[in-house]
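Taking it in order: structure first as structure tokens, then the write-up.
The values are calculated or read from the model by the stated rules, or taken from the named source; none is laboratory data. Not measured: the values here are computed from a predicted model. Note that each Cβ is placed from the backbone with ideal geometry, even for glycine, and that neighbours are counted across all protein chains shown. All accessible areas refer to the heavy atoms of the entire protein, side chains included, with ligands and DNA or RNA removed. Shrake-Rupley method; radii C 1.70, N 1.55, O 1.52, S 1.80 Å.
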Amino acid sequence: MKNRSRIQILYFLMAIILFAVGIFQSWNVALTIFNLCLISSIMTLGINVQWGNAGIVNFGVMGFAALGGLANIIISMPPTSNAWETGGNSIVIGLMILVLSIIFSVFMFKRVNFNKRIKYLISFLIIFVGYFIMRLMVDSPIEQIEAIEPAKTGYLGGFNLPVIISWPVGGLLAAFAAFIIGKISLGLRSDYLAIATLGISEIIIYILKNEDWLSRGVKNVNGLPRPVPYEIELQSREWLLETANILKIPLPEVSSIIVKLSYSVLFLLVLLVILYLLQIAVKSPWGRMMRAIRDNEVSANAMGKDIKKRHLQVFIIGSAIVGIAGAMLTTLDGQFTPVSYQPLRYTFLIWIMVIVGGSGNNFGSIIGAFLIWFFWIQSEPLGLWLLSFITSHISDTNLIKSHLLENAAHIRLMFMGIILLVTLRFAPKGLIPEVKR
Amino acid sequence: MYLLFGENITCGYGSIDILFNCDVGVNEGEISSIVGPNGAGKSTAMKALFGLLPVKQGKIILDGEDITNIPPQQRVLKGMGFVPQTNNIFPSLTVEENLEMGAFVEQHDCTKMLEYIYELFPVLKDKQYQLAGELSGGQRQQVAVGRALMTKPKVLMLDEPSAGISPIIMEGLFNKITEIANQGTAVLMVEQNAKQALKISNLGFVLNQGKNLFTDTGNSLLENKKVRQAFLGG
Amino acid sequence: MDFLNGITLISNYILIPGLTYGSQLALGALGITIVYSVLRFSNFAHGEFMSFGAMSSILLCWLFLSLEINLNPLPTAIIVLPFAIIITIFYCILVDKIIFKFYRLQNSKSVINLIVSIGVMFFTGGLIRFIIGPGDKNFFDGERFILKAKTFKNYTGLREGLALKTTQGITIVLSIILVILLFWFLNKTKTGKSMRAYSDNKELALLSGINPEKVVLITWIITGTLACVAGTLYGLDKSYKPFTYLHLVLPIFSAAIVGGVGNPVGAIIGGFVIAFSELIVTFAYKKIFFYFLPNYLVPDGLLQILSTDYKIAISFIILVLVLLIRPTGIYKGKII
């Protein structure tokens, strides 16, 4: 029961902190932080399922989040006129040929009895040939598609559906990717798995950055539709004018607060649903089995548990959750920018959240996400303030002082490192430790 | 007076005791064997003597000096050599490098000792530049014993030297052990193959459930009816 | 003539850049492999250690230049390198004493150490940006080329030029020297052998009287040296930006794993495998065919296997392939 009071105290504290930001800075800032905290906590829940419950090290957060982002484009953007007609089909067929050649080569490898080297050679050749056929099929259609008004479109576009559908679709995309990645790499031990997933997530980002026909690459996709009303639209409403008058807050601010609040409600709903499902899962026999496997793989194996299958399951579930959160994040941003996906911000920061919050405890993961995101945002002003304080007795013309103040923003990386290291040293179980069942 | 003597030793892992008031020892230039059924505490006794396990009660005396509380590395300096049962070589180092590592704490030149070991185990001379991990089981065991001999120990301790090698090779190894003892190094070993071990031993310690059951010369233990029936299979 | 032109083309665009980048990767991978084989964890902070080394070199370069000490026509970075190495070693040891040692004494799992190294990565990255700023720093001075393309063309009368930048020459020469020194140390000295013994069988090394703290200390000295040299050479060759070093960690890990983690020879081979594959796969073969085939057979298009944009992604693809086919790497390393 000690945990329960911890949860209450920490959540209460976090609420106070956010309220304080609202009162002293602005409600807009507070809500921006709150929304990103909500998304981050969904991501941490995804990682916590894998790490906390099954001991799987997934450093591919960035890739899964980006796939969620991609879902936004595919679902919600209008299709580019003529793009599909000029070459959409040949791209699809080309990709299918590549996929088929890979499947065929794997099949060959498993079924045909030959010297191993010859088998590798044959498999490699099949994929190589498949790849070249694909290139022959897709190269010119891709060029044509990318030539359609490159400044505005130059990509296939999407299905013009409500953007909110992209959230579950993002989860599905991530789950599908996780299935393949898991098949490849889950047999590896922790260090290799970490490096492999990190590498694969980089590959995903590279594809999104460079395949303009799919995601416009570095040209970004702007103006994604919203699931909530636009500020301008709101400002013309009668009731809003009245509220603004009563609260004595400028109209634009009220409208943007309302937009953010509606996002918050949506995100909170998703978070609660996922949390509820995960709590059930953790308490179920399935959750017990996952932890049994984590704590002693050998004996779990001896008891006839299919470890590989269970790991794949949990890897897919966790990655799908990250994908959902990634889709939500892109929806919130209103644009898809492949360049913005950095392992530091996506993968490693999320991991710090999980570790600090408490591996194996869902409530811990959430508070970890909130606290770390808050510090990530606020450590810039905090660092500046700290340095100005330290250097306050030095004259303003001093070179060292100006240098320090100039680079104060980077103190936040140091800050994050210190937080992680201090947690690992003095509270390795995190703020809210796992409940021993 | 024993050269190495574990007197009245009680010890174990954590709070669980394995050995109870046990005495084991070896005289200068002789061979002592510790034998007994599985779980008798033979290897535990070995570890306790070498300082790999803390001793709860009793004393360990080497050449008249109390060494109960000094760490294993120091015991090497004081003249003890230890060959663990498993993982007793450096597989990715060459045979010669393995032997050199045995003499790591020696300040002076170790070529003389190398020569002695190559003389004792001529096979190793042939394979001196080969990786130890590529050798056969018996040869690995020779490397392991050679490594422990490099410091010219007064006492050589062997934990199940015959584990995992064939009977013929085992016989050769036991001959070498006798040779080592004859040249002045006392040998204390734990053995599963009690019969063969007792044959070459001056002294034998039969342990059962962590206690001394019989202590006598090797030959008399072999002739002792009770010992034969209980532990040597008739 | 066409044949020679073709060879020159390959040398200029694949051989020399491959050797340079391969050396840089190999030095980095050696650092990772040595930390892994002795301390048993994957050190994600290694990229930042390299960055730290490069930063030390840059700061010292500025200092030396302000004192008007230089080595013209060679870059000043060469004189400052020994001092930068000492600073980097000092930082590595400090990090070990304050952070890694605690987990070593506790016998923590390697995953925990890995996560700890991520903390170190964050901290070091922040420290570096705090000290030197996130911007681009070019600290190369002296003569740019050992061999200019134009000189080569005039001299040989070939159509294709062959250029060798000073940084490329320095990188290759320094890497060779460092690798020879390292292998001499590991295989011929008593301390080096004891380090290998410790990485091979920790318990037996302790029984043999090898002092673990000394082994760890030497490990960090070697790692610091390798990191500083690799980082400085990379920065010298491609201009220094703190941000790039985080992205260098993965190709370096790929190199170490491809070669076989824990195996120094493997790390070097792995570095070159990665570097050359990146170049070979993204090279536009049109010109080669132009020289080697009769005119009517030369195809259209650039004939790239993958577009140059995917250059760095190739190391990850190779990594995944190796993990799939042979997780122990080319030279059987220790399976993590």
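Kindly list, by first and then second residue, each pair from a residue in the range C:309-333 that is over 23 Å from residue C:246 (Cβ atoms) to a residue that is of a type in the set (Ser, Thr, Tyr) and surrounded by fewer than 18 Cβ atoms within 10 Å (Cβ to Cβ), limited to pairs with Cβ atoms under 8 Å and residues at least 6 apart or on different chains. Pairs found: C:325/A:120. A residue that is touching a residue at least 40 places away in the same chain (Cβ under 8 Å), touching a strand residue (DSSP E or B) at 6+ places or on another chain (Cβ under 9 Å) and buried (at least 22 other Cβ atoms within 10 Å of the Cβ) cannot be found anywhere in the range A:81-94. When the range A:139-186 is filtered for residues that are open to solvent by 60 Å² or more (accessible area, probe 1.4 Å), within 14 Å of chain C (Cβ to nearest Cβ) and touching a Leu at 6+ places or on another chain (Cβ under 9 Å), only A:183 remains.
Of the candidates C:123, C:102, C:90, C:140, the single residue that is within 14 Å of chain A (Cβ to nearest Cβ), within 23 Å of the chain's Cα centre (by Cα) and either open to solvent by 60 Å² or more (accessible area, probe 1.4 Å) or closer than 23 Å to residue C:60 by Cα (or both) is C:123. Here residue B:67 passes the criteria (1) within 14 Å of chain C (Cβ to nearest Cβ); (2) open to solvent by less than 40 Å² (accessible area, probe 1.4 Å); (3) free of Cβ contacts under 8 Å to residues at least 24 places away in the same chain; (4) out of contact with any Phe, Trp or Tyr (no Cβ under 7 Å at 6 or more places or on another chain) except the one numbered (1).
Let's see how each residue does on (1) of a type in the set (Val, Ile, Thr); (2) within 20 Å of residue B:62 (Cα to Cα); (3) surrounded by 24 or more Cβ atoms within 10 Å (Cβ to Cβ); (4) in contact with a helix residue (DSSP H, G or I) (Cβ under 7 Å, 6 or more places away or on another chain):
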| site | (1), (2), (3), (4) |
| --- | --- |
| B:153 | no, yes, no, no |
| B:163 | no, no, no, no |
| B:166 | no, no, no, no |
| B:177 | yes, no, no, yes |
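Matching residues to (1) within 30 Å of residue A:343 (Cβ to Cβ); (2) in the same structural domain as residue A:284 (by TED's automatic domain parsing):
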site: A:16; (1), (2): no, yes
site: A:26; (1), (2): no, yes
site: A:30; (1), (2): yes, yes
site: A:33; (1), (2): yes, yes
site: A:99; (1), (2): yes, no
site: A:107; (1), (2): no, no
site: A:111; (1), (2): no, no
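Of everything in the range A:187-210 that is touching a residue at least 60 places away in the same chain (Cβ under 8 Å) and closer than 30 Å to residue A:150 by Cα, the residue that is most open to solvent (accessible area, probe 1.4 Å) is A:209.
When the residues of the range B:20-30 are narrowed to those that are assigned to a strand (DSSP E or B) and in contact with a Lys or Arg (Cβ under 8 Å, 6 or more places away or on another chain), which ends up least open to solvent (accessible area, probe 1.4 Å)? Quick ask: steps written out before the conclusion?
Within the range B:20-30, the subset assigned to a strand (DSSP E or B) is B:20-26.
Adding the requirement that they be in contact with a Lys or Arg (Cβ under 8 Å, 6 or more places away or on another chain) leaves B:20-22.
Details: B:20: 75, B:21: 80, B:22: 5 Å².
Looking at the filtered set, the residue picked out is B:22.
Listed residues A:62, A:43; which is open to solvent by less than 10 Å² (accessible area, probe 1.4 Å), farther than 30 Å from residue A:153 by Cβ and either touching a strand residue (DSSP E or B) at 6+ places or on another chain (Cβ under 6 Å) or at pLDDT 95 or above (or both)? Testing whether each residue is open to solvent by less than 10 Å² (accessible area, probe 1.4 Å), farther than 30 Å from residue A:153 by Cβ and either touching a strand residue (DSSP E or B) at 6+ places or on another chain (Cβ under 6 Å) or at pLDDT 95 or above (or both) leaves just A:43.
Identify the residue in the range A:399-436 that is in contact (Cβ under 8 Å) with a residue 60 or more places away in the chain and open to solvent by 60 Å² or more (accessible area, probe 1.4 Å) and, among all such residues, is nearest to the other protein chains (Cβ to nearest Cβ). Looking at the filtered set, the residue picked out is A:429. Within the range B:190-202, the residues that satisfy the criterion of being among the hydrophobic types (A, V, I, L, M, F, W, C) and buried (at least 22 other Cβ atoms within 10 Å of the Cβ) are B:190, B:194, B:197, B:198. Cβ-Cβ contacts under 9 Å between residues 6 or more apart (or on different chains), taken from a first residue in the range A:150-163 that is in contact (Cβ under 8 Å) with a residue 60 or more places away in the chain to a second residue that is among the aromatic types (Phe, Trp, Tyr), are listed as A:154/A:213; A:155/A:213; A:156/A:84; A:156/A:213; A:157/A:84. Candidates C:310, C:331: the one that is out of contact with any strand residue (DSSP E or B) (no Cβ under 7 Å at 6 or more places or on another chain), crowded, with 17+ Cβ neighbours inside 10 Å and not in a helix (DSSP H, G or I) is C:331. Pairs linking a residue in the range A:110-135 that is farther than 30 Å from residue A:91 by Cα to a residue that is not in a loop (DSSP other than H, G, I, E, B), with Cβ atoms under 9 Å and 6 or more positions apart or on different chains, are A:112/A:119; A:112/A:122; A:113/A:119; A:114/A:122. Selection of the range B:31-59 for residues being part of a strand (DSSP E or B), closer than 26 Å to residue B:177 by Cβ and not small (Gly, Ala, Ser) yields B:31, B:34, B:35. Set side by side, the residues B:158, B:213, B:221 differ, and just one is modelled with pLDDT under 90, crowded, with 21+ Cβ neighbours inside 10 Å and not in a loop (DSSP other than H, G, I, E, B), which is B:221.
The rows are residues; the columns are (1) assigned to a helix (DSSP H, G or I); (2) over 27 Å from the mean Cα position of the chain (by Cα); (3) of a type in the set (A, V, I, L, M, F, W, C).
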{"residue": "A:28", "(1), (2), (3)": "yes, no, no"}
{"residue": "A:37", "(1), (2), (3)": "yes, no, yes"}
{"residue": "A:79", "(1), (2), (3)": "no, no, no"}
{"residue": "A:109", "(1), (2), (3)": "yes, yes, yes"}
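Checking each residue in the range A:344-373 for being in contact with a Phe, Trp or Tyr (Cβ under 7 Å, 6 or more places away or on another chain) and farther than 15 Å from residue A:417 by Cα picks out A:359, A:367.
Residues that are open to solvent by 10 Å² or more (accessible area, probe 1.4 Å) and among the small types (Gly, Ala, Ser) within the range B:81-106 comprise just one, B:92. Applying the criterion of at least 2 residues that are facing chain C (nearest Cβ under 9 Å) to the helices (runs of 4 or more DSSP H) found wholly in the range A:190-260 leaves A:190-210. Against the conditions (1) open to solvent by 30 Å² or more (accessible area, probe 1.4 Å); (2) assigned to a helix (DSSP H, G or I), residue B:143 satisfies every one except (1).
Test residue B:189 against the criterion of being within 14 Å of chain C (Cβ to nearest Cβ) and in contact (Cβ under 8 Å) with a residue 60 or more places away in the chain, and give yes or no. Break it down into steps so the answer makes sense when it comes.
Numbers: within 14 Å of chain C (Cβ to nearest Cβ): no; in contact (Cβ under 8 Å) with a residue 60 or more places away in the chain: yes.
In short, no.
Checked against (1) within 13 Å of another protein chain (Cβ to nearest Cβ); (2) closer than 29 Å to residue A:294 by Cβ; (3) open to solvent by 10 Å² or more (accessible area, probe 1.4 Å), residue C:115 meets all criteria but (3). Scanning the range C:316-328 for residues that are within 8 Å of chain A (Cβ to nearest Cβ) and either touching a strand residue (DSSP E or B) at 6+ places or on another chain (Cβ under 6 Å) or not aliphatic (A, V, I, L, M) (or both) returns C:316, C:327.
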